[in-house]
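Below is one structure, written out as structure tokens; comments come after it.
The values are calculated or read from the model by the stated rules, or taken from the named source; none is laboratory data. This one's a predicted model, so the numbers in the text were calculated from it and none came from an experiment. For neighbour counting, all protein chains shown are included, and Cβ atoms are generated from backbone atoms with ideal geometry for every residue, glycine included.
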Amino acid sequence: MNPAPELPRHLLENLTTAVLLLEQDLKLVYMNPAAEMLLAASLTRFRDHPIALLFQEPDSGLDTLTQAADSGHPYTKREAQLQLHNGDNITVDYTISPIAEHSSTQLIMEVFPRDRQLRISREEELVNKQETVRALVRGMAHEIKNPLGGIRGAAQLLERTLPDQDLKDYTQVIIKEADRLRNLVDRMLGPRHLPTLELVNIHEVLERVHTLAQAEFGDQIKLIRDYDPSLPEFMGDKEQLIQAVLNIVRNSMQALIESGQSNGRIQLQSRAKRQFTLGAERHRLVCQVKIIDNGPGVPEGMLENIFYPMVSGRAEGTGLGLTIAQAALQKHQGLIECKSRPGQTEFVLLIPLDTSTSNEEASETGATP
């Protein structure tokens with residue numbers, strides 16, 4: 001038997017690139033295992049069905065595929081958003097190549113996932129911005145605290161020479177305001193000591209925050225707990241992690257209360273993520289904590305800058321809570337991400353549980369992005 005006819009299919013089924021074959025009317029003829037994994041679908045289920053049942057592009061439907069089939073010209077699209085049959089959304093690059101098959105035209109579609117690359121770029125940008133901000137704050141702190149010390153010392157010396165107690169009230173104002181500014185600068189710098197490492201159970205951290213939040217806000221907001229009990233303990237600084245989570249929960253509660261929402265709720269969720277990329281490093285196991293509220297959301301123009309110092313959406317806010325939280329997570333080699341829209345704001349805390357990383361790139365289709 002001549003094995004040549006089987007060679008193309010054998011090659012397709014061993015590619016890591018997702019490949020689909022469509023009829024001119026956009027019915028699915030074939031997809032390789034890489035496509036099945038990427039699109040979370042089986043060929044058996046979707047063969048001979050319209051491709052629209054498998055995925056759609058929310059912004060353009062299937063116009064790109066239709067135009068390629070009608071014109072007979074190849075087409076490539078970058079960073080397309082595909083909404084899958086199960087409701088998931090993925091970001092991909094794809095190429096459509098029409099091929100003549102007897103009297104009809106078929107389409108070969110190659111799909112390249114981009115979510116992981118976009119996540120890496122986004123997280124590296126976030127980390128670099130935070131490093132830049134910390135360097136700026138450290139420089140500012142040095143320039144501010146030196147003259148503050150001189151002002152405070154001069155006020156103390158002046159106070160000793162003043163005969164009138166009423167005049168000493170003014171020097172006390174100078175001293176107290178200098179102390180307040182120094183404390184503000186110290187808070188902008190965040191925790192100044194290295195983490196005190198001990199075995200930490202993330203659920204002890206979340207339960208402590210739950211107790212503190214209830215004591216502070218009572219029954220104004222409903223707190224929902226959704227934990228993954230399989231998460232192992234890890235080496236971390238419990239107090240810094242409690243402070244980081246509490247800062248985010250407080251922000252959420254204050255936003256809900258100020259919006260006047262009667263059914264405000266916050267969900268504390270923990271999950272394990274395996275083979276997960278943080279920045280440019282892949283970790284075997286990562287602890288994911290989500291803090292999800294149903295408040296008004298973060299203003300769109302502020303979302304990119306909420307982890308910077310002095311950025312706050314509240315008139316009474318200092319804009320330091322999220323900065324301190326991000327600094328605490330970065331000391332644990334993790335980070336915080338935020339996604340927000342009206343009716344749902346989601347802060348995601350990611351902490352590597354296995355600090356050993358691998359530089360070997362896993363298959364795009366074989367690991368969680």
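Taking the conditions exactly as written (part of a helix (DSSP H, G or I), farther than 17 Å from ASN201 by Cβ and not aliphatic (A, V, I, L, M)), does ASN251 satisfy them or not? Yes; evaluated as a whole, the condition is true for this residue.
Among the residues examined, ASP70 does not qualify as loosely packed, with under 14 Cβ neighbours inside 10 Å, in a loop (DSSP other than H, G, I, E, B) and without any contact (Cβ under 8 Å) to a residue 60 or more places away in the chain. Residues that are surrounded by 15 or more Cβ atoms within 10 Å (Cβ to Cβ) and of a type outside the set (A, V, I, L, M) were ranked within segment 96-111; the one that is modelled with the highest pLDDT is GLU110.
So, in segment 1-24, how many residues would count as being surrounded by 11 or more Cβ atoms within 10 Å (Cβ to Cβ) and either modelled with pLDDT of 80 or more or of a type outside the set (Lys, Arg) (or both)? Let's see the steps before the verdict.
First, the residues of segment 1-24 that are surrounded by 11 or more Cβ atoms within 10 Å (Cβ to Cβ): 9, 11-13, 15-24.
Restricting the remaining residues to those that are either modelled with pLDDT of 80 or more or of a type outside the set (Lys, Arg) (or both) gives 11-13, 15-24.
Total meeting the criteria: 13.
Among the residues examined, THR105 does not qualify as of a type in the set (S, T, N, Q) and either more than 24 Å from GLU13 (Cα to Cα) or in a helix (DSSP H, G or I) (or both).
Just one residue in the set LEU65, LEU28 is over 14 Å from PRO113 (Cβ atoms) and free of Cβ contacts under 8 Å to residues at least 40 places away in the same chain; that residue is LEU28. Exactly one residue out of LEU246, LEU231, LEU223, LEU241 is of a type outside the set (D, E, K, R), more than 19 Å from the chain's Cα centre (by Cα) and more than 16 Å from THR345 (Cβ to Cβ), and it is LEU231. Of all residues in segment 198-221, those satisfying the criterion of being at pLDDT 90 or above and either surrounded by fewer than 16 Cβ atoms within 10 Å (Cβ to Cβ) or of a type in the set (Asp, Glu) (or both) are GLU198, LEU199, ASN201, GLU204, GLU207, THR211, LEU212.
Every condition in (1) surrounded by 15 or more Cβ atoms within 10 Å (Cβ to Cβ); (2) within 24 Å of the chain's Cα centre (by Cα); (3) without any contact (Cβ under 8 Å) to a residue 40 or more places away in the chain holds for ILE90 except the one numbered (3).
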